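Following: one structure in structure tokens, then a few remarks.
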Amino acid sequence: MTLARLKPGESGKITAIGVIGPLRRRLMDMGVLVGETVKVVKVAPLGDPIEVTVKSYQLSLRKQEAEGIAVEVVK
């Protein structure tokens, strides 16, 4: 499952980051790392961007960026 498929209020543990290049480095610099738990706060009406919480701060990610992040649902 990818981060883009989580619904608002759901949490997931990052299992893999499938993007490469500068985008991967930018995500890692923002704290999006394998093993971290992310929670989807809200999704814009058209599905882009997605607001998530990582390490107690909020980030907005494009749906395309979120599709490259594999997560395991945490209950």
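The values are calculated or read from the model by the stated rules, or taken from the named source; none is laboratory data. Source: prediction; values computed, not measured. No Cβ is skipped: glycine too gets one built from the backbone with ideal geometry, and neighbour counts run over all protein chains shown.
Here is the figure for the range 47-57: residues that are in a strand (DSSP E or B) and surrounded by 12 or more Cβ atoms within 10 Å (Cβ to Cβ) total 5.
Kindly indicate whether PRO22 is modelled with pLDDT of 90 or more and touching a strand residue (DSSP E or B) at 6+ places or on another chain (Cβ under 7 Å). Criteria not met by PRO22.
Identify the residue in the range 1-32 that is touching an Asp or Glu at 6+ places or on another chain (Cβ under 8 Å) and in a helix (DSSP H, G or I) and, among all such residues, is surrounded by the fewest Cβ atoms within 10 Å (Cβ to Cβ). Among those residues, the one meeting the criterion is LEU23.
For the range 21-49, a residue qualifies if it is among the hydrophobic types (A, V, I, L, M, F, W, C) and in contact with a Pro (Cβ under 9 Å, 6 or more places away or on another chain), and the qualifying residues are VAL40, VAL41, VAL43. Output the qualifying pairs, or none if there are none: Cβ atoms under 8 angstrom, residues six or more apart or on different chains, first residue in the range 55-72 and in contact (Cβ under 8 Å) with a residue 24 or more places away in the chain, second residue β-branched (Val, Ile, Thr) and in a loop (DSSP other than H, G, I, E, B). Filtered contacts from the range 55-72: LEU59/VAL32; GLU65/VAL19; GLY68/VAL19; ILE69/VAL19; ILE69/VAL32.
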